[in-house]
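Written out below as structure tokens is the structure these notes cover.
The values are calculated or read from the model by the stated rules, or taken from the named source; none is laboratory data. Since the structure is predicted, the reported quantities are computational estimates derived from the model, not experimental observations. Here the Cβ positions follow ideal geometry from the backbone for every residue, glycine too, while neighbour counts run over all protein chains shown.
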Amino acid sequence: MAEMRTVRVEDIVVPEVRATAKRDEEQEAILRATVEQFGVLNEPIVRPVDGGKYELVAGLGRLTELKRQGKTEVQVKVIQADKKTALMMHLAENLARGSTNPVDEARVLQAFIDSGATVEEAAKITGHTPEWVQLRLALLKLPEVYQQAVAEGKLKIGHVVAAGQLPTPEEMDHCLGLALKLGWTVEVAQNYVRQRLAELEAVRLRDEMAPPPELPEPEKAQEMVRYFVCAGCSRSVDRSLARTPPLCEECLTLLRYVISQLGAPREAMEYLYRAVSTYQEYLRFQGMKRTFEEMDRQRQQQGSSG
């Protein structure tokens, strides 16, 4: 049960590891106006810690606004919770708002696991899968520059997932660096990874002992992402010619088989057009033949009756 208390603001300790909710200027203005007019509608949540202090569990924005107004005391909800429970209460509240950044989430999750929890427990409490938790934790292994970029929204988790498909840390680092420098969307980064993997595979097939091709300069990388690898014929095609109709597995298999038997798509289309045209001509010929045969049969019948 939570107990309402009035405590000194200076006795509330804000933990270093947090997943603080982000607000834009309009949201900050609304919070400020609400606190000024009505006071704090949802009191900050704290837990007792050593030295007569209270550790903040939730409500940093509200506490900050009260400090700005010069308040020296604040009413809070005091809960009895260990560090492990407090961490998950804090993360769950901010995740519910959908406004935290993934790196802060990762730091709270890591602290939760360091306190003795498992990945499965973290997944259950946050309402996500263990894979979601593992992906967040993996962000903490990135170089600081990329962690900062993810925290600021300059890189998305999708960029990290795409780069993670590359075979070496150097390749991954290069991909993320290009995405950051060139402002790539996740889709463009995914396209770069597909092209780069195809390039690396082509070199391997030619000579397994050959060194991998050099990491592409930004100019070459921009040229690479202009193209995509066609799922049907495996050619690199200009993205302006990309079409994405949904295909079932059977149709895609059939498409690939036709291409493998008839050659490149343009030649295959010509071949199929000629084949269909020839078949249609054959059908017309058979129809005309049946007509003439019927006319001849009728003339023979007329001659016999005469």
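With respect to residue 196, is the statement that it is buried (at least 19 other Cβ atoms within 10 Å of the Cβ), basic (Lys, Arg), modelled with pLDDT under 95 and within 16 Å of the chain's Cα centre (by Cα) true? Lay out the reasoning, then the answer.
On the way: buried (at least 19 other Cβ atoms within 10 Å of the Cβ): yes; basic (Lys, Arg): yes; modelled with pLDDT under 95: yes; within 16 Å of the chain's Cα centre (by Cα): no.
In short, no.
Hey, could you check region 109-139 for residues that are in contact with a Lys or Arg (Cβ under 7 Å, 6 or more places away or on another chain) and not polar (S, T, N, Q) and say which is surrounded by the fewest Cβ atoms within 10 Å (Cβ to Cβ)?
In this case the residue turns out to be 116.
I need the helices (runs of 4 or more DSSP H) fully contained in region 83-160, keeping only those with at least 3 residues that are hydroxyl-bearing (Ser, Thr, Tyr) and farther than 21 Å from residue 15 by Cα. Write out each step before concluding.
On the way: elements: 83-97, 102-114, 119-126, 130-139, 144-151.
Per the criteria, no element qualifies.
Looking at region 36-52 only, could you name the residues that are modelled with pLDDT of 80 or more and either within 11 Å of residue 14 (Cβ to Cβ) or aromatic (Phe, Trp, Tyr) (or both)?
Once the filter is applied, which keeps residues that are modelled with pLDDT of 80 or more and either within 11 Å of residue 14 (Cβ to Cβ) or aromatic (Phe, Trp, Tyr) (or both), region 36-52 yields 44, 46.
So, in region 53-101, of the ones that are of a type in the set (D, E, K, R) and in contact with an Asp or Glu (Cβ under 6 Å, 6 or more places away or on another chain), which residue ends up modelled with the highest pLDDT? Quick ask: steps written out before the conclusion?
So the first thing to find is which residues in region 53-101 are of a type in the set (D, E, K, R), and the list is 53, 55, 62, 65, 67-68, 71, 73, 77, 82-84, 93, 97.
Restricting the remaining residues to those that are in contact with an Asp or Glu (Cβ under 6 Å, 6 or more places away or on another chain) gives 53, 77.
Details: 53: 90, 77: 84.
Looking at residues that are of a type in the set (D, E, K, R) and in contact with an Asp or Glu (Cβ under 6 Å, 6 or more places away or on another chain), I get 53.
Just to be sure before I move on: is residue 163 surrounded by 12 or more Cβ atoms within 10 Å (Cβ to Cβ), at pLDDT 90 or above and touching a Ser or Thr at 6+ places or on another chain (Cβ under 9 Å) in the structure I sent?
Values: surrounded by 12 or more Cβ atoms within 10 Å (Cβ to Cβ): yes; at pLDDT 90 or above: yes; touching a Ser or Thr at 6+ places or on another chain (Cβ under 9 Å): no.
Criteria not met by residue 163.
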